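Working notes, structure below.
The values are calculated or read from the model by the stated rules, or taken from the named source; none is laboratory data. Treat the numbers as computed from the prediction; the structure is a model and nothing was measured. Methodologically, a virtual Cβ is constructed for each residue, glycine included, from the backbone with ideal geometry; neighbour enumeration extends over all protein chains shown.
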């Protein structure tokens with residue numbers, strides 16, 4: 001069965017599921033392990049490209065959550081397929097050259113700037129960009145942090161914890177809520193953090209603290 005792109009708007013049929021199970025089922029765990037390794041390799045190549053080109057950046061999103069959670073309990077981290085990078089828009093052209101040299105292809109899909117992993121790469125497998133000190137989505141009231149609001153963890157730069165929590169509470173999709181809950185679970189954040197944020201974000205955090213199971 002060839003690799004295909006299925007989604008909520010293009011769900012797999014019962015016959016396709018049966019075929020996928022027949023062809024890929026015997027290798028399901030190996031495929032899952034390989035997928036995790038590909039994401040990690042994509043992150044490593046991205047960081048190396050930015051470091052060599054002296055492009056200021058910070059890892060955000062699920063990988064940033066995993067990094068912070070692992071400082072407390074490595075067994076509590078959650079795998080993610082997303083590679084999300086924060087950089088300054090003024091550094092985009094330098095970043096493009098650095099990433100193209102590493103085998104990535106810059107594009108924009110549904111108003112999201114990203115680097116596809118090769119010219120035939122899929123958006124799902126891309127490196128997604130967020131721009132420092134800008135609003136990410138229409139309706140957001142809080143801009144992203146600057147790349148300097150970060151911590152170096154060995155050979156990678158990760159957005160600082162308070163900025164990460166603020167970004168997650170601002171976006172507040174289901175996966176963002178889960179990420180915040182992961183950080184609550186290991187004790188990175190607690191009720192004392194509520195007052196760090198504006199009333200809207202503080203209320204969101206309080207709701208997750210009060211009712212972690214939803």
Checklist outcome for this item: Scanning the stretch 40-85 for residues that are more than 18 Å from residue 126 (Cα to Cα) and not in a helix (DSSP H, G or I) gives 53, 54, 55, 56, 71, 72, 73, 77, 78
Checklist entry - So which pairs qualify, if the first residue must be in the stretch 111-125 and on the phi < 0 side of the Ramachandran plot and free of Cβ contacts under 8 Å to residues at least 60 places away in the same chain, the second must be in a loop (DSSP other than H, G, I, E, B) and surrounded by 12 or more Cβ atoms within 10 Å (Cβ to Cβ), the Cβ gap must be under 7 Å, and the two must be at least 6 apart or on different chains? => result 114/126; 116/104; 116/126
Checklist outcome for this item: Within the stretch 50-90, the count of residues that are touching a strand residue (DSSP E or B) at 6+ places or on another chain (Cβ under 7 Å) and at pLDDT below 95 comes to 1
Checklist entry - For residue 198, are the conditions met, namely being touching a residue at least 40 places away in the same chain (Cβ under 8 Å), surrounded by fewer than 16 Cβ atoms within 10 Å (Cβ to Cβ) and closer than 19 Å to residue 71 by Cα? => result no
Checklist entry - Can you tell me which residue in the stretch 119-141 is nearest to residue 93 (Cα to Cα), limited to those that are out of contact with any helix residue (DSSP H, G or I) (no Cβ under 7 Å at 6 or more places or on another chain) and not in a loop (DSSP other than H, G, I, E, B)? => result 129
Next on the checklist: Pairs needed: first member in the stretch 27-45, touching a residue at least 40 places away in the same chain (Cβ under 8 Å); second member anywhere, in a helix (DSSP H, G or I) and loosely packed, with under 13 Cβ neighbours inside 10 Å; C-beta distance under 6 Å; at least 6 residues apart or different chains.
Outcome noted: none
Checklist entry - Tally time: how many residues in the stretch 86-118 are closer than 21 Å to residue 45 by Cβ and part of a loop (DSSP other than H, G, I, E, B)? => result 6
